[in-house]
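Chemist: What follows is a single structure, and I will ask about it in a moment.
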Amino acid sequence: MGDLDDLRGLLRGRVLVAGQEGFDGASRPWNLAVDQPVAAVVEAADADDVAALVRHARRSGLTVAVQPTGHGASGAVAGVVLLRTGALDGVDVDPVRRTARVGAGVTWGRVQEAAAVHGLTGLPGSSPVVGVAGYTLGGGLSWFGRRHGWAADSVRAFEVVDAEGERARVEAGSDPDLFWALRGGGGDFAVVTAVEFDLYPAPELYGGRVVWSASSASRVLEAFAEVTAGAPEELTVWANLQHIPGLEPTVSVDVTFLGGEGTARKLLRPLEAVGAPLRDGRRVLALTELGSITAEPTDPSPGMSRAELLTGLGGEAVRALVTEPIAPLLGVQVRHLGGALAGESDTPFGALEEPYYLYALGVPFSPRAGAGIRERLDRLVADLGPNVSGRKPLTALAPGESVADVFGPAALRRLRRIKRERDPHGVVRSNYPVEG
């Protein structure tokens, strides 16, 4: 306890230890079903605080785990110091260079607000409250990834505190090994305090959600497969099977198109054959409205999930998805990938060759409900059989999984070598460590 108490004299930010008022809330991850038995929480005031914390941890034999927002928590943090970087919240957009530099506490919603003023966009995912840093360290699968690749591919530089507590700027030319590892290999190698990345012109954006009764699920998924088979890189389409307790189950399609409404409707014409929808929310969107498409919760909540990459979406896969109700799951989503994501990528994951990504989620209101959700997740993946590739995106790992489910053998060996060289004492720990 003395080592932790000493921190208060070194930092401007707040230090909370187990049992102290405010500790439980500060240590809680985004997924409330995950327990985080950390020894202390540090809310850094700035990058100097981060450096002071890491130096202290190095001297004292402590481990620091970084969570800007708490998304992606694994629970494997017993006894560590949890570092919150929410106060590192600077956003600087350069419209001439088409770049943004953001602090480690910045969320994608704030980036979009700052970039949209100039007709520019970053590469955000489905939720505006996800942090840029953690998302990018995990690769980052964006609405616009089919056009521009992994979010990590667009990084120009990281500002970090290394495992010795020294601040540095990491670029491809200055430190190619560390730059490669941070661009999608996770946060196991240094504490990132800021990220600089490219922005992209987006003069037009059309999108939204179309909803049908679940009785149309087979027809919707068949139309989804037809649309995605010939989709240009500017078009991204996701399909959803949903069953919110107390409501009738539905099937829906989410869309973004970097272009005009007329062209988008032509590309989406196979959806018209499904029949009249219950709701059609497609419209011209502002770049700041991406989060409205899926309308995911913006407050922490419990969940149990499983993600898989799919090699295809033929008749067998469609039958596996629709033959029986998805309950007790809340939702099953299939995202179309491909495009630039399947191209060359100098990141640890590399080219994302699988054309689809499945994500299934349930809410464990009780231990019994949790057991039912786990069984349904396992059965769904088993039913998909050979359509499951065996790889997963890093940001989609769930408790009990590891980076061995993400990276190929060569990439994993290189990541582990970099970890041993840069942090031999294990001062920095990510949600899913490369040595785990």
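Bear in mind that the values in this text are calculations on the coordinates, not laboratory data. Quick caveat, the model's predicted, so the values are computed rather than measured. Quick reminder, even Gly has a Cβ in these numbers, built from the backbone with ideal geometry, and neighbours come from all protein chains shown.
Chemist: Let me have the relative contact order for segment 2-84, percent, based on Cα pairs under 8 Å that are six or more residues apart.
Modeler: 35 percent
Chemist: Rounded to whole Å and sorted largest first, what semi-axes of the equivalent ellipsoid does the C-alpha gyration tensor of segment 1-49 yield via the square root of 5 times each eigenvalue?
Modeler: 21, 13, 8
Chemist: Work out from phi, with θ = phi - 60° and the Karplus expression 6.51 cos²θ - 1.76 cosθ + 1.60, the ³J(HN,Hα) of each residue of segment 33-40, listed in order in whole Hz, and give x for Gly and Pro.
Modeler: 7, 9, 8, 10, x, 7, 7, 7
Chemist: In a Debye calculation with equal point scatterers on the alpha-carbon sites of segment 141-264 and no solvent, what is log10 I(q)/I(0) at q = 0.13, 0.16, 0.18, 0.23 Å⁻¹?
Modeler: Treating every Cα as an identical point scatterer, log10 I(q)/I(0) equals -0.72, -0.85, -0.93, -1.22.
Chemist: When the Cα centres of segment 135-155 and segment 390-418 are compared, how far apart do they sit, in Å?
Modeler: Answer, in whole Å: 17.
Chemist: What are the ³J(HN,Hα) couplings of segment 246-262, residue after residue, when phi is run through the Karplus curve with 6.51, -1.76, 1.60 and θ = phi - 60°? Round to Hz, x for glycine and proline.
Modeler: With coefficients 6.51, -1.76 and 1.60, one gets x, 10, 5, x, 9, 10, 9, 10, 9, 9, 10, 9, 7, x, x, 5, x Hz.
Chemist: Relative contact order for the chain: what is it in percent, counting Cα pairs under 8 Å that are at least 6 residues apart?
Modeler: Values: 1011 pairs, mean separation 76.4, N = 436.
Normalised by residue count, the contact order of the chain is 18 percent.
Chemist: Kindly rank 31-37, 240-246 from highest to lowest mean number of other beta carbons found within 10 Å of each residue.
Modeler: On the way: 31-37: 17.7, 240-246: 15.1.
In descending order of packing, they fall as 31-37, 240-246.
Chemist: Expressed as a whole number of Å, what is the distance separating the alpha-carbon centroids of segment 275-296 and segment 1-53?
Modeler: Distance between centres, Cα-based: 39 Å.
Chemist: Cα axis of helix 47-60 to longest principal axis of the chain: angle in degrees, 0 to 90, nearest 10?
Modeler: Its long axis makes an angle of about 60 degrees.
Chemist: Let me ask something else. Return one number: the angle in degrees, 0 to 90 and rounded to the nearest 10, between the long axis of the Cα atoms of helix 409-422 and the longest principal axis of the Cα atoms of the chain.
Modeler: Value to nearest ten degrees: 20.
Chemist: Starting from the amide H of Ala157, placed 1.01 Å from N in the peptide plane, find each other amide H under 5 Å away whose residue is 5 or more places distant or on another chain.
Modeler: Glu196
Chemist: Could you give each residue of segment 123-135 its phi-based ³J(HN,Hα) in whole Hz, using Karplus coefficients 6.51, -1.76, 1.60 with θ = phi - 60°, and x for Gly or Pro?
Modeler: With the stated coefficients, segment 123-135 comes to 10, x, x, 7, 10, x, 9, 6, x, 5, 5, x, 4 Hz.
Chemist: To continue, here is another question. Measure nothing fancy, just the Cα-based angle from helix 217-229's long axis to the longest principal axis of the chain, in degrees from 0 to 90, nearest 10.
Modeler: 70 degrees
Chemist: To check my understanding: the extent here is largest minus smallest coordinate of the Cα atoms along each principal axis. What are those three numbers for segment 2-84, in Å, largest first?
Modeler: Computed over the Cα atoms, the extents are 33, 24, 23 Å.
Chemist: On to the next question. May I ask for the equivalent-ellipsoid semi-axes of segment 206-396, computed as the square root of five times each C-alpha gyration tensor eigenvalue and listed largest first in whole Å?
Modeler: Sorted largest first and rounded, they come to 25, 21, 17 Å.
Chemist: Can you tell me, using C-alpha contacts under 8 Å and at least 6 residues apart, the relative contact order of segment 206-396 as a whole percent?
Modeler: Taking the mean separation of contacting Cα pairs over the length of segment 206-396, I get 26 percent.
Chemist: Hey, another quick one. Restricting to DSSP H runs of at least four residues, report the calculated mean residue ellipticity at 222 nm for the chain, -39500 (n - 2.57) per run over all residues, nearest 500 deg cm²/dmol. Let's see the in-between values first.
Modeler: Working: 13 runs with 115 residues, N = 436.
Helices in the chain give a 222 nm mean residue ellipticity of -7500 deg cm²/dmol.
Chemist: Along its three principal axes, how long is segment 199-301 when you only count alpha carbons? Whole Å, largest extent first please.
Modeler: Extents along the principal axes, in whole Å: 42, 37, 19.
Chemist: If you take every DSSP beta bridge fully contained in the chain, what fraction is antiparallel? Give it as a percent rounded to 5.
Modeler: In the chain, approximately 85 percent of DSSP beta bridges are antiparallel ones.
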